[in-house]
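See below for the structure under consideration.
Nothing in this text is a laboratory measurement; each read-out follows from the coordinates by a stated rule. Not measured: the values here are computed from a predicted model. Glycine gets a Cβ as well: all are built from the backbone with ideal geometry, and neighbour counts include every protein chain shown.
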Amino acid sequence: MAVLKRIHIISGFFFILMIFSSCSEYQRLLKSDDYELKYKRAIEYYEEENYGRVITLITDVIPFYRGTAKAEEVNYYFAMAHYKMRNYTLASHYFKSFANAFPRSTHAEEFAFLSAYCLYLDSPRYSLDQTNTLQAIRELQRFINRYPASERVDDSNQLIDELRYKLEKKRFNTGKLFINISDYMAAATTFDTFNKDFPDSKYREEATFLIIKAHFEFASYSIPQRQQERFENVLEAFNAFARRYPESEYMREAERMRQEAENRIASFQEAANTSTVNK
């Protein structure tokens, strides 16, 4: 047991010594003006998957190799190291810069795709701000336009579909939120534009029904002088819904609102006729 304990102690000592030696060498490299050595060690660190050190060292050597035959290779490892570190925003930028700076490179098409793909990876969940999602869609479409014969076009279209679904879900839930907070006209407008922007959405039927509901609630809480015209909007929304979804699961509730709207309109017309006769 004592022998084993000594072996463990010695092994631990050498392990600590190796770490200290490695750190000391790296610190010397940072201060060195030997850019070729820095780049050589950066490649070795890349193979060791120590991408943080790769980025730091190549940041120093990029100006040294700019305009040389090695510039393409240096920028390749720089972009890839950011990608491996999951620094997707920076990786996207460097992939795009590479594709533009070296359009004849064998990696140009791949990096143009990866630039857009990083934006896809950086797209947040649907409930958050979707600026990055819109940018990712634009860049993926730009890749398709630039490389229409690429084998990555199908993947790009699939990614665009996923991103568009995220936008679709956010828009639909925004409309429902407007209903929940009683902003009924905003809800009706949101669902109307939703149906125009996402005509094949699986939420379209419900969105079309919710347009009726939004108009109905808006009319119900309006001042009496404006109710008739607003209940007429309910009937118009109902007719559009009934034409498209005559067998809808929402039809019973839609019919209830249609009937109530017709009754209210009839009562307004009757009141108006009585007023005219009395005059």
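The stretch between GLN158 and GLU236, if pulled fully straight at 0.36 nm per residue, gains 24.4 nm over its current Cα-Cα span. Taking 7 Å steps out from each Cα toward its Cβ at ALA101 and GLU44 produces label points 2.5 nm apart. Global dimensions of segment 89-144 from alpha-carbon coordinates: Rg and Dmax equal 11.6, 40 Å. Remark: VAL54, VAL153 ranked as VAL153, VAL54, counting other beta-carbon atoms within 10 Å and listing the fewest first. Farthest towards the positive end of the charge dipole of the chain, among the residues ILE181, ALA266, SER156, is the Cα of ILE181, using unit charges on the Cβ of Lys, Arg, Asp and Glu. In segment 143-223, the alpha-carbon atoms span a convex hull of 87 Å³ per residue. Each Lys and Arg contributes +1 and each Asp and Glu -1, all at the Cβ; summed about the Cα centre of the chain, the dipole is approximately 620 debye.
A DSSP coil position with no more than 15 other Cβ atoms inside 10 Å describes the following GluC sites (Glu not before Pro) in segment 34-123: GLU48, GLU49. Value of Rg to Rh for segment 182-272, rounded to two decimals, is 0.99; Kirkwood radius and Rg both from alpha-carbon coordinates. A Cα-only calculation for segment 178-218 places Rg and Dmax at 9.6, 27 Å. Select from HIS215, HIS93, TYR35 the residue farthest towards the positive end of the dipole of the chain; place +1 on Cβ of Lys and Arg, -1 on Cβ of Asp and Glu, and compute about the Cα centre. Toward the positive end, the furthest listed residue is TYR35.
Counting only Cα atoms, the chain measures 109, 59, 34 Å along its principal axes, largest extent leading.
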